[in-house]
Protein chains: 2
Amino acid sequence: MNTNTFTYPRPIPLEHVTIKNGFWAERQHTNRQTTIPAIYNKLEETGRVEAWTMHPEHERRELGSVVHMFWDSDTGKWLESVGYSLCKTPNPDLEAQADALIDMIEQAQAPDGYLNTYFPVLAPDKKWTNLRDWHEMYNAGHLIEGAIAYYRATGKKKILDVLSRYADHIDSKFGREEGKRHGYPGHPELELALVKLYRETGEQRYLNLATYFVNERGQDPIYFDIEAAERGERREDFWAQSYRYCQAHIPIREQTEATGHAVRACYLYAGIADVALETGDKELLEVSRRLWENLTQTQMYVTGGLGPAHSNEGFTFGYDFPNESAYSETCASISLAFWAHRMFHLDQRGEYIDVMERAIYNGSLSGISYEGNEFFYVNPLASYPNIDPYSKWSGINTNKHYRRQEWYFCPCCPPNISRLIGSIGEYTYSQTDDRVYVHLYHDNTVSLDVSGQAVQIEQKTKYPWDENIAITVQSESPVMFDLAVRIPGWCRSFQLSINGEKMSLQPKNGYVVVSREWQSGDTVSLTLAMPVERVMPHREIRQDAGQIVLQRGPLIYCLEECDNGPRLANIVIPDDAPLSSHFEADLFDGTTVITGEALRVEPDTDSPDLYLFKSKVDVKQEPFTVKAIPYYLWANREPGEMRVWVRSS
Amino acid sequence: MNTNTFTYPRPIPLEHVTIKNGFWAERQHTNRQTTIPAIYNKLEETGRVEAWTMHPEHERRELGSVVHMFWDSDTGKWLESVGYSLCKTPNPDLEAQADALIDMIEQAQAPDGYLNTYFPVLAPDKKWTNLRDWHEMYNAGHLIEGAIAYYRATGKKKILDVLSRYADHIDSKFGREEGKRHGYPGHPELELALVKLYRETGEQRYLNLATYFVNERGQDPIYFDIEAAERGERREDFWAQSYRYCQAHIPIREQTEATGHAVRACYLYAGIADVALETGDKELLEVSRRLWENLTQTQMYVTGGLGPAHSNEGFTFGYDFPNESAYSETCASISLAFWAHRMFHLDQRGEYIDVMERAIYNGSLSGISYEGNEFFYVNPLASYPNIDPYSKWSGINTNKHYRRQEWYFCPCCPPNISRLIGSIGEYTYSQTDDRVYVHLYHDNTVSLDVSGQAVQIEQKTKYPWDENIAITVQSESPVMFDLAVRIPGWCRSFQLSINGEKMSLQPKNGYVVVSREWQSGDTVSLTLAMPVERVMPHREIRQDAGQIVLQRGPLIYCLEECDNGPRLANIVIPDDAPLSSHFEADLFDGTTVITGEALRVEPDTDSPDLYLFKSKVDVKQEPFTVKAIPYYLWANREPGEMRVWVRSS
């Protein structure tokens, strides 16, 4: 592995982090036991596995599925998730299943390195003719990420070699060099995958290709116009109307706002951050900071969800946060977490990890059912019977509740949340030669080398349910290094003691840095106070005006009908009403809920009239105990209304 | 004219009502001076006039327009509006323009009576092959209505004869009789037009055909399936997914809720009411009452707008009233007024006229600019920059304000609002042999025969700005009849005096009935108190919870940014804040506005953070004077936010 040699910290890789208990151990257990097998079954059922044997279309159709061009990305993400799982939890059956798939993938590769299940069989003359829409590069990126994860977990190099050959093939086709075409991915993803591949293999050409993709994007003449003209199409024919959709409307270095398809945007921005870090390109760092500020200060849901609009699966304009119709794709929150993680390594500030934590615990985790076998593609912040933010026919008397599904025609989200859950260890720590950053709090142990010595750091905590975290350092001999523990942006009051002695250290850039010579057994006790917070919206957010969100620790809460009765819109939580949290051991195997005094405010009449004069009808305010659960757990019990933003007074 | 001979009252026709001053005189002046000529220019510019000369498509395209199948309905509605205008205000130039058009229409008629600009030239083999989608019958209905209005205004029978021949042609093709097909309109409208034609000509077959259309609709097997099969299509291929869209999913007599495309629905229901009245069919009366109750008690916006959804231009489910994305087509409010008017004649209750008045003064009139040359198709109840309820790409950084347009690809609304304004006289009064109903209040004089005598009734009033109405009866000799004056549902307190003497009569079914022998010069003075009312939503309306609408008299009010500054969502009108109204003579030539004390409630911080903890940031409540204008006048000044529902406390 080629780690960078700049001053940047680097993530401590997955294989060094052991998670045996607590919040993420449970999620990872479900991921291994339920999610990974369920996704494989769907890959098989829909023909995505057999597709690698290059069966012609009619045979694929017999498998009961419509072939689409993005199938390979699903395979790639599944393989990546398998890699993360096998990394810490060997499973010979799963490994055999993956190996068989890898054999098929290898055999599907063309002699020139090209690798795709769709084009060679179904449209051989269409290869590389529509980078804008046809996702060959997107598929390649996910397969590369899968290959790297699988190789790192198993040491089996076959799939990495296959994907390296494919990357070489792409490199031979695209670039600024003589004889190459000036293309780049319509759906970014390959950029960040190529940087990963560069780091894994040390091959500079992969970084160069990623850098080329970033720099070429949106340059005049825009490549998507060139290839469209070759297909006999005009720019005006582009279904998405504008290259803002794919962040190619102007060169990257001129971009100042997050635009278009949200997942494309954050995968691209993650790739830009990777290239900025590996090349030391300060201008790209500035571009990244500018886009970050725009996105997080004007276009991010309180859940870390992105993209209000169905039409472009993405961004609209600043401060626009519809709740029921929020698109807020699971993949978008995940991609935001990816980008945030990279931004930290480029620019060490806790705010990036705050956003990463927000996106992971809320908008990402809501994408999977508690049982691990059903998924949301779209994550609204309010739900009402008949309303389906995924459908343009939403609300036409379907009488349905919006619920998670086992699969989607475009099932990008299920394997994405699976790989995120499997790799949470990688998001937990970073380090430089003499500093260890603790980003996320959960029960785990990490083994690392710091200041030239082998060290183990153990976290004991029930976070996010509990505010106490004990961090113990073990090493053979005393070792001098900085332990930088993150004080989350949501935390108004924390206490930190070492071996029982209270320290009064102030956080800088979101971290309290404890610099000392650590003795084996030294324990940092951190308390991150988790009172129930009422969150109010920025004054420009019209959809949430007069409303609050309940937050505790990193978790955004919501009201469900099964706890609070129907007509959640009529519930008011007065500003002075006491709210408290308590742990319910029986709710989803243990969940902290919020309860408090609230009012149900409704016209005091049985009149069927839609519109009532206040001069004639009184308003009744009925006190009751409101109960909120973490947003990510919604839609796991009886169907009904849900609401994140609740009226306040 | 064949008036019905049952006990039903009948409207007093347009030609008997003279409107010289006041609210509607101004609107009609603008309609004559600006709207009617502007619409004709567009008909001409887009090729709709020349189309009657049966020019082939390529010539039509040279006119700069894409031909669509509904063109003839626009011509029909324009001609209808011209008829209403000429009826009371002769204009030889306009009449000559209409006559020339009528000559073209006559020459376009096929020997068998068929009359349509699209099919004979562009798809001669497709005639009558897709009643579900292709609007031949809808076009026929509007042409018939236009022909009747023009004939009644001018006495020129040519166009009425042309359309009678077309109606005969349709009658020869469709019906239950041997050899006829069992079709009916995909877009209802022809039903009510045929009843009008029956009333005008006395030809029973037109009533029979309308009755057949009403009864056949939704019968098993559904005709739309039959014709689809003939075209080689399946029901599942229907783009709108369900025949609920066109109210043909089940037979009319089994229908209990308003469904689908809102304009289709109300035109159909109006036709049903017409058939019920003319045939005395009590079951159809019950069906109508049931549909009425469902629509007005669960599916009508406070503006009298109908149809929350863009996808079907229509209904979704009960109590669903999105504001910014409300479709609420201008034609839908107009069609509701039509239906309400007919319901009154079938079932004499003031609530129908209450809804008619609501729909006319709010959701219909908002469809036209104050200058009379621009139109809304879609009438949202809140507006925000970038949000366009007419576009599925709404909000994708257009930076546009939603504004009225001069024309639309499907311009059904402009001539519809024009014909409504022109015919307001017809909605003002009804009568039986010995009773006169006064439905609407505005400055006008009506001449009628009642109890066998010629009588004139004059209204002097500045309604809806002012609450006082003086109604004076003139006749050659004393005459005994009931004067039934409507006490609107919105009116909590009224006073009625006759020749200065206060009467204490109670309204029954929405009308105070004054039965007496009227002396010429007798004057009824009616005062309908118009305090500012705060309207609150039914408890099931989630989108408006915690908010109020300001209403005064029949007018729904709204806030605009140009009066109140931006961020209207942050404005709170406290329940105890005084609100008052005053007449602004300079605003749109005289408008009553509402002002009062309100608060601008916003976080007290300049932080760019999207989400703020109440534990850390105070809320500031800045008092200011809020100003509301009538909803129908919005978007006539500087562009900006608009909001009908305002937060209360």
Six or more apart or on different chains, Cβ under 6 Å: which pairs go from a residue in the range B:47-68 that's assigned by TED's automatic domain parsing to the domain that holds B:Gln97 to one that's modelled with pLDDT of 80 or more and assigned to a loop (DSSP other than H, G, I, E, B)? Could you list them? B:Ala51/B:Thr117; B:Trp52/B:Thr117; B:Arg60/B:Gly47; B:Leu63/B:Gly47; B:Ser65/B:Thr46; B:Ser65/B:Gly47
When you look at A:Ile226, is it open to solvent by 60 Å² or more (accessible area, probe 1.4 Å) and either within 17 Å of A:Trp128 (Cα to Cα) or in contact with a Phe, Trp or Tyr (Cβ under 6 Å, 6 or more places away or on another chain) (or both), yes or no? yes
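Provide a single number: the residues in the range B:470-482 that are in contact with an Asp or Glu (Cβ under 9 Å, 6 or more places away or on another chain) and in a strand (DSSP E or B). So that I can check it myself, show each step before the final result.
To start, the set of residues in the range B:470-482 that are in contact with an Asp or Glu (Cβ under 9 Å, 6 or more places away or on another chain) comprises B:470-474, B:478-482.
Cutting the leftovers down to in a strand (DSSP E or B) gives us B:470-474, B:479-482.
Of the residues in the range B:470-482, 9 are in contact with an Asp or Glu (Cβ under 9 Å, 6 or more places away or on another chain) and in a strand (DSSP E or B).
Are any residues in the range A:174-203 part of a loop (DSSP other than H, G, I, E, B) and over 30 Å from A:Ala340 (Cβ atoms), and if so, which ones? Quick ask: steps written out before the conclusion?
Residues of the range A:174-203 that are part of a loop (DSSP other than H, G, I, E, B), as a first pass: A:175-180, A:182-189, A:202-203.
If the condition is that a residue be part of a loop (DSSP other than H, G, I, E, B) and over 30 Å from A:Ala340 (Cβ atoms), then A:Arg176, A:Glu177, A:Glu178, A:Gly179, A:Lys180, A:His182 are the ones that fit.
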A:Asp618 fails exactly one of the following numbered conditions: (1) open to solvent by less than 40 Å² (accessible area, probe 1.4 Å); (2) within 11 Å of chain B (Cβ to nearest Cβ). What is the number of that condition? (1)
Filter result for B:Lys620 (of a type in the set (Lys, Arg) and not in a strand (DSSP E or B)): no
Count of residues meeting criterion [open to solvent by 20 Å² or more (accessible area, probe 1.4 Å) and more than 14 Å from chain B (Cβ to nearest Cβ)] in the range A:481-496: 3
Where residues in the range B:594-611 are open to solvent by 10 Å² or more (accessible area, probe 1.4 Å) and hydrophobic (A, V, I, L, M, F, W, C), which of them is nearest to the other protein chains (Cβ to nearest Cβ)? B:Val601
Checking A:Glu351 against (1) crowded, with 24+ Cβ neighbours inside 10 Å; (2) within 14 Å of chain B (Cβ to nearest Cβ); (3) not in a loop (DSSP other than H, G, I, E, B): exactly one of these is not met. Which one? (1)
Every listed condition ((1) part of a loop (DSSP other than H, G, I, E, B); (2) modelled with pLDDT of 95 or more; (3) open to solvent by 10 Å² or more (accessible area, probe 1.4 Å)) holds for A:Ala248 save (3)
Taking the conditions exactly as written (buried (at least 17 other Cβ atoms within 10 Å of the Cβ), within 20 Å of the chain's Cα centre (by Cα), part of a helix (DSSP H, G or I) and away from chain A (no Cβ under 12 Å)), does B:Leu268 satisfy them or not? yes
Among (1) at pLDDT below 95; (2) out of contact with any Gly (no Cβ under 9 Å at 6 or more places or on another chain), which single condition is B:Leu94 missing? (1)
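Please report, ordered by residue number, the strands (runs of 3 or more DSSP E) entirely within the range B:537-593 with at least 1 residues that are facing chain A (nearest Cβ under 9 Å) and buried (at least 20 other Cβ atoms within 10 Å of the Cβ). Show your work before the answer.
Details: elements: B:547-552, B:555-560, B:571-573, B:579-584.
The qualifying strands (runs of 3 or more DSSP E) are B:547-552, B:571-573.
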Restricted to the range A:519-534 and to residues being more than 14 Å from every other protein chain (Cβ to nearest Cβ) and not in a strand (DSSP E or B), the residue nearest to A:Ser497 (Cα to Cα) is A:Asp522
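Within the range B:278-291, track down each residue that is surrounded by 22 or more Cβ atoms within 10 Å (Cβ to Cβ) and of a type outside the set (Val, Ile, Thr).
B:Leu284, B:Ser288, B:Leu291
Is it the case, given these coordinates, that A:Tyr408 is crowded, with 23+ Cβ neighbours inside 10 Å and of a type in the set (Ser, Thr, Tyr)?
Numbers: crowded, with 23+ Cβ neighbours inside 10 Å: no; of a type in the set (Ser, Thr, Tyr): yes.
Considered against the rule, which asks whether it is crowded, with 23+ Cβ neighbours inside 10 Å and of a type in the set (Ser, Thr, Tyr), A:Tyr408 comes out as no.
Is there a residue being farther than 19 Å from B:Cys246 by Cβ and surrounded by 24 or more Cβ atoms within 10 Å (Cβ to Cβ) anywhere in the range B:184-197?
Within the range B:184-197, the subset farther than 19 Å from B:Cys246 by Cβ is B:195-197.
Keeping just the survivors that are surrounded by 24 or more Cβ atoms within 10 Å (Cβ to Cβ) gives B:195, B:197.
Scanning the range B:184-197, I find at least one residue that is farther than 19 Å from B:Cys246 by Cβ and surrounded by 24 or more Cβ atoms within 10 Å (Cβ to Cβ), so the answer is yes.
Mind counting the residues in the range A:372-388 that are assigned to a loop (DSSP other than H, G, I, E, B) and away from every other protein chain (no Cβ under 14 Å)? It would help to see each step written out before you state the result.
At the first step, the residues of the range A:372-388 found to be assigned to a loop (DSSP other than H, G, I, E, B) are A:372-374, A:376-377, A:379-381, A:384-388.
With the extra rule that they be away from every other protein chain (no Cβ under 14 Å), the set shrinks to A:372-374, A:376-377, A:379.
Number satisfying all stated conditions: 6.
Criterion first (within 14 Å of chain A (Cβ to nearest Cβ), at pLDDT 95 or above, under 18 Å from the mean Cα position of the chain (by Cα) and crowded, with 20+ Cβ neighbours inside 10 Å) does B:Gly260 satisfy it? So that I can check it myself, show each step before the final result.
Working: within 14 Å of chain A (Cβ to nearest Cβ): yes; at pLDDT 95 or above: yes; under 18 Å from the mean Cα position of the chain (by Cα): yes; crowded, with 20+ Cβ neighbours inside 10 Å: yes.
Against the criterion (within 14 Å of chain A (Cβ to nearest Cβ), at pLDDT 95 or above, under 18 Å from the mean Cα position of the chain (by Cα) and crowded, with 20+ Cβ neighbours inside 10 Å), B:Gly260 qualifies.
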Only one of B:Arg60, B:Arg32, B:Arg27 is surrounded by 14 or more Cβ atoms within 10 Å (Cβ to Cβ), at pLDDT below 95 and not small (Gly, Ala, Ser); which? B:Arg60
Checklist (1) crowded, with 20+ Cβ neighbours inside 10 Å; (2) at pLDDT 95 or above; (3) out of contact with any strand residue (DSSP E or B) (no Cβ under 7 Å at 6 or more places or on another chain); (4) within 24 Å of B:Leu194 (Cβ to Cβ) applied to B:Arg48, failing item: (2)
Being assigned to a loop (DSSP other than H, G, I, E, B) and within 13 Å of chain B (Cβ to nearest Cβ) narrows it down to one of A:Asn312, A:Asn294, so name that one. A:Asn312
Conditions (1) open to solvent by 10 Å² or more (accessible area, probe 1.4 Å); (2) assigned to a helix (DSSP H, G or I); (3) among the aromatic types (Phe, Trp, Tyr); number of the one not met by B:Phe213: (1)
Kindly provide the set of residues from the range A:361-388 that are under 12 Å from the mean Cα position of the chain (by Cα) and more than 13 Å from A:Arg403 (Cα to Cα), ordered by number. A:Tyr361, A:Asn362, A:Gly363, A:Ser364, A:Leu365
One residue is enough: does the range B:433-440 have a residue meeting the conditions outside any loop (DSSP other than H, G, I, E, B), within 24 Å of the chain's Cα centre (by Cα) and among the aliphatic types (A, V, I, L, M)? yes
I'm checking my understanding of the structure. Among residues of the range B:503-518 that are part of a strand (DSSP E or B) and open to solvent by 40 Å² or more (accessible area, probe 1.4 Å), which one is farthest from the other protein chains (Cβ to nearest Cβ)? B:Glu517
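The values are calculated or read from the model by the stated rules, or taken from the named source; none is laboratory data. No experiment lies behind these values; they were computed from the predicted model shown. Using ideal geometry, Cβ is built from the backbone for each residue, glycine included, and neighbour counts are taken over all protein chains shown. Heavy atoms of the whole protein, side chains included, go into the accessibility calculation; ligands, DNA and RNA do not. Shrake-Rupley method; radii C 1.70, N 1.55, O 1.52, S 1.80 Å.
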